[in-house]
Amino acid sequence: MEQYGATTNLSRQCGDVQSQLKVRKLKSEQSYAELIRLSRERSVMHSTLAILQWDAEICMPRGGVKHRGDQMALLAGLVHDRSTDPRIGELLSDVEGSSLVADAESEEAVNLRELRRDFDRETRLPRRLVEETARVSALSSQAWSEARDRDDFKSFAPFLDQTFVLAREKADALGYKDVRYDALLDDYEPDMTTAQLSALFEQLRSQLVPLVDALRDRPKGEHTRVPEREFPVERQRAFAEAAAAKLGFDLECGRFDLGPHPFCSMIGPGDVRIAARYQPGNLTNGFLGVMHETGHALYEQGLDPAHYGTPMGEAVSLGIHESQSRMWENLVGRTKGFWMHFYPQLQQAFERELGDVPLETFRAAMNQVAPGLIRVEADEVTYNLHIVIRFELERALLDGDLRAADVPAAWGERYRKYLGITPDNDRNGCLQDIHWSESLIGYFPTYTLGNVYAAQLFEAADRAIGPLEDAFAAGEFSTLRTWLGENIHRHGKRYRAAALVERVTGNPPNPSALIASLAHRYG
């Protein structure tokens, strides 16, 4: 009887344990489902902010800027309230350590990891700071646009000072291990540090400056010059939009507009927008800008809509995002194969302007290396030096070592140092980018990270499915787009940027592939 009783008790205890495990499993599943529901709701609110921002930059009348600032501040505060709700912390604790997230690469584990990261960061920020940053950004963006139109940096300087005061407060609230800039950089490139960036920039700078100097002194033949002619903007726009559609941009789920600064905005599933800027006297800058933004758009349209509103439906990082845009702009859009397919169509669109210009002359002109003042118009070789300049200046502004009023002089000094040229006005100098006015401090370095990642990823794609240039010449771009979808887009935030690059290419991120590519094609 004693043995029977002991066996019965043991069975009962085992049953109790199994029952408890089932209860815990059910609770974690319910908590996870609620987390995902809340995450999707916040994403819808974020998309409302995105449409307000897009409207402000594209078509809002200037008189509406104050009210728009109030709208964005209120919505940003509401999003912050949702993001820091203590209930989210409880739900995260319910799921963490459960069998639901045992596989670190499962969609549940990825979503939980990233939602925990976001919750911990958001809860460090006071609502007042979030609202004030949104309000100032709206006012500052309008002030930047007007100052740029009038070439009047002095009127914008107070907004820039205010932006960096708020950025310092944000960095201090988030906390950092080594330098203040790390806290803001982590918004755009998680796990990247200022020290790592500085080392990468030093490696690039030490090899790019001599290459730029050597190319600057190279004689320019007549065969590299396209006659200076006017290219009607409407025809530029029609050609660029048709080319974007050929690359795979879904016009049923996206649209093009004109804006003061090229950008791509993900409003939500089925709504990805591109703003472009064209110049009548410069055909290639507008077109390459569209190629760049199309790369961003293809990434957004390539994310799994079933995961919208969760980390598994979001881009890995801004560096990986820029790798897609810089790849389509430069490693596709500047190649001979690409233009073997598109140049006859371009000549047809601009028969009078380009009918007597051979393909190689057009390409030689497009790919000339010549230090210029404007970042978005820079050639591949000098582009990263523009980013180095901005990286150095925004670090100095953030640390309080540089005042806004002194930015024009500091900007000019660095352009002389790194590119051997000096801005003739602030419109072509420190007023050319919108980023600081929108409080995007820590964003600029991701452009260079994108170039580094793009060189490695394109090399891997060419090995796996190439030769890609032959496909481009045949008008075949879906092969590369599909490869990127399978290797980059579909993973969402499953991997951090460095891990993803190493997984796809076999090597950790390293600027050597970019330097080798530039030296081979230009040196």
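The values are calculated or read from the model by the stated rules, or taken from the named source; none is laboratory data. Note that the coordinates shown come from a computational prediction; the quantities given were computed from them, not determined experimentally. Reconstructed Cβ throughout: ideal geometry from the backbone, glycine too, with neighbour counts over all protein chains shown.
Okay, residues lined up against (1) modelled with pLDDT under 95; (2) within 28 Å of the chain's Cα centre (by Cα); (3) surrounded by fewer than 16 Cβ atoms within 10 Å (Cβ to Cβ):
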{"position": "Phe342", "(1), (2), (3)": "no, yes, no"}
{"position": "Gln347", "(1), (2), (3)": "no, no, no"}
{"position": "Leu354", "(1), (2), (3)": "no, no, no"}
{"position": "Glu360", "(1), (2), (3)": "yes, no, yes"}
{"position": "Met366", "(1), (2), (3)": "yes, yes, no"}
{"position": "Leu373", "(1), (2), (3)": "no, yes, no"}
- Task: Out of His80, His67, report the one residue that is free of Cβ contacts under 8 Å to residues at least 24 places away in the same chain, closer than 30 Å to Val136 by Cβ and part of a helix (DSSP H, G or I).
- Result: His67
- Task: Could you list, in sequence order, all residues of segment 394-430 that are assigned to a helix (DSSP H, G or I) and without any contact (Cβ under 8 Å) to a residue 24 or more places away in the chain?
- Result: Ala396, Asp406, Ala409, Ala410, Trp411, Gly412, Glu413, Arg416, Lys417
- Across segment 257-298, what is the number of residues that are farther than 12 Å from Arg237 by Cβ, among the small types (Gly, Ala, Ser) and in contact with a Lys or Arg (Cβ under 9 Å, 6 or more places away or on another chain)? 5
- Note on the structure: Expected single match for out of contact with any Ser or Thr (no Cβ under 9 Å at 6 or more places or on another chain), part of a helix (DSSP H, G or I) and not assigned by TED's automatic domain parsing to the domain that holds His489 among Arg237, Arg229, Arg255, Arg205 is Arg237
- Criterion (polar (S, T, N, Q) and under 26 Å from Arg150 (Cβ atoms)) met by exactly one of Thr422, Thr382: Thr422
